[in-house]
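K.L.:
Encoded as structure tokens, here's the structure I'll be asking about.
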């Protein structure tokens, strides 16, 4: 199976296959922003769909 590899924007995960899902647990607002900003930046640079689901 040929999977398209995409830049996640998250240093620790590196490049990931298309349609990879992330679950994130955080303690502070800074923790959350440290992950979300690079992730959304990478997606938007490639005109990709971004979704953030939160309670």
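The values are calculated or read from the model by the stated rules, or taken from the named source; none is laboratory data. In this text, all values refer to a predicted model and were calculated from it rather than measured experimentally. Every residue, glycine as well, gets a Cβ built from its backbone with ideal geometry; the counts of neighbours run over all protein chains shown.
K.L.:
Out of 16, 37, which single residue is within 9 Å of the chain's Cα centre (by Cα) and either surrounded by 10 or more Cβ atoms within 10 Å (Cβ to Cβ) or assigned to a loop (DSSP other than H, G, I, E, B) (or both)? So that I can check it myself, show each step before the final result.
P.N.:
Details: 16 fails: within 9 Å of the chain's Cα centre (by Cα).
When all the criteria are applied, what remains is 37.
K.L.:
Something else about it: Taking the stated definitions as given, is residue 54 exposed (fewer than 11 other Cβ atoms within 10 Å of the Cβ) and either out of contact with any strand residue (DSSP E or B) (no Cβ under 9 Å at 6 or more places or on another chain) or modelled with pLDDT of 85 or more (or both)?
P.N.:
On the way: exposed (fewer than 11 other Cβ atoms within 10 Å of the Cβ): yes; either out of contact with any strand residue (DSSP E or B) (no Cβ under 9 Å at 6 or more places or on another chain) or modelled with pLDDT of 85 or more (or both): yes.
Considered against the rule, which asks whether it is exposed (fewer than 11 other Cβ atoms within 10 Å of the Cβ) and either out of contact with any strand residue (DSSP E or B) (no Cβ under 9 Å at 6 or more places or on another chain) or modelled with pLDDT of 85 or more (or both), residue 54 comes out as yes.
K.L.:
Taking residue 38, is it in contact (Cβ under 8 Å) with a residue 24 or more places away in the chain and out of contact with any helix residue (DSSP H, G or I) (no Cβ under 8 Å at 6 or more places or on another chain)?
P.N.:
Values: in contact (Cβ under 8 Å) with a residue 24 or more places away in the chain: yes; out of contact with any helix residue (DSSP H, G or I) (no Cβ under 8 Å at 6 or more places or on another chain): yes.
Yes; evaluated as a whole, the condition is true for this residue.
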